[in-house]
Amino acid sequence: MGHFDYYQYQATARGIRGLDDVRQVARDRMHVWDRIVLPWLPADRRQPVAELACGHGSFLWWLKERGFERVTGVDSSPEQIAFARQVGPVTCVQDAIEWLRQQPDHSQEALAAIDFIEHISKDDVMELLRHCRRVLSPGGRLILRYPNGDSPLVGMNLFNDITHVWTYTTNCLDTLARMHGFARTAFVDESAAAIRDHRWFKVPLCKFSQAMLGFLFRAAARERVIYWSPHIWACLEK
């Protein structure tokens, strides 16, 4: 069984069989996207936004629900795009980097690539950053989610899929972003944002626990860990 077969099996195993399943996945994640992603997206919801490697389209559904009018989804899998098309936005069956190569300069206000860069080679990541910066409008943003190379818990994400190739620390990605001309990079992990219920109690407990772990790690290894979640979000601003 090759990587492609594994990926197709994994998609089936996730239980996506129709539009209702796509909507349910989106509803399960939308509290995270509302807290982390929405502040990074353009205030004018008529501006173009594209998702690279959009998969079955749950994030596209959320974008439409939040009122974004010019949404595009790109994925190399016809099976995944068949689901994404039911959501309603423009979709394209194409390799994400190849799609970027064909886009005019300054033609997108925001680009999102969720759980994507860990699947591609380091050279492809460099090309992705180069083309994303060219395609983004001045002040536009590239939004990424990927395994958190800073976290001692990264294995819970990075090694949870045999199609994963590599990941990056915040320092490494910030360096790559600046090397490709991005003006600034912001990072957020999912620890507190992923908490949905009883946030009045669980969020302070989460932050206290992280502070204690940070103290112990500095005492034991002289390392300062800021982002603890196995998943991390990055916003690269042009």
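The single condition among (1) farther than 17 Å from R29 by Cβ; (2) surrounded by 16 or more Cβ atoms within 10 Å (Cβ to Cβ); (3) among the charged types (D, E, K, R) that E190 does not satisfy is (1).
If I go through the stretch 193-237 residue by residue, how many of them are within 30 Å of C132 (Cβ to Cβ) and loosely packed, with under 10 Cβ neighbours inside 10 Å?
Of all residues in the stretch 193-237, those within 30 Å of C132 (Cβ to Cβ) come to 193-194, 224-237.
Imposing the further condition that a residue be loosely packed, with under 10 Cβ neighbours inside 10 Å reduces the set to 224.
Residues meeting the conditions: 1.
The helices (runs of 4 or more DSSP H) falling completely within the stretch 109-217 that include 2 or more residues that are among the acidic types (D, E) map to 122-135. Scanning the stretch 224-234 for any residue that is part of a helix (DSSP H, G or I) and free of Cβ contacts under 8 Å to residues at least 12 places away in the same chain turns up nothing.
Of all residues in the stretch 160-185, those being surrounded by 15 or more Cβ atoms within 10 Å (Cβ to Cβ) and touching a residue at least 60 places away in the same chain (Cβ under 8 Å) number 3.
Entry remark, the stretch 65-86: residues being more than 18 Å from L111 (Cα to Cα) and either buried (at least 24 other Cβ atoms within 10 Å of the Cβ) or among the hydrophobic types (A, V, I, L, M, F, W, C) (or both) number 2 in total.
Cβ-Cβ contacts under 7 Å between residues 6 or more apart (or on different chains), taken from a first residue in the stretch 28-46 that is closer than 25 Å to D197 by Cα to a second residue that is part of a loop (DSSP other than H, G, I, E, B) and aliphatic (A, V, I, L, M), are listed as V32/A193; V32/A194; R35/A193; I36/A193. Can you name the residue in the stretch 127-159 that is in contact with a Ser or Thr (Cβ under 7 Å, 6 or more places away or on another chain) and of a type in the set (S, T, Y) and is also farthest from C235 (Cα to Cα) among such residues? Restricting to residues being in contact with a Ser or Thr (Cβ under 7 Å, 6 or more places away or on another chain) and of a type in the set (S, T, Y), the top hit is S151.
Read-outs throughout are calculated quantities, based only on the coordinates presented, and are distinct from any laboratory measurement. Source: prediction; values computed, not measured. Positions of Cβ are generated from backbone atoms using ideal geometry, with glycine treated the same way; all protein chains shown enter the neighbour counts.
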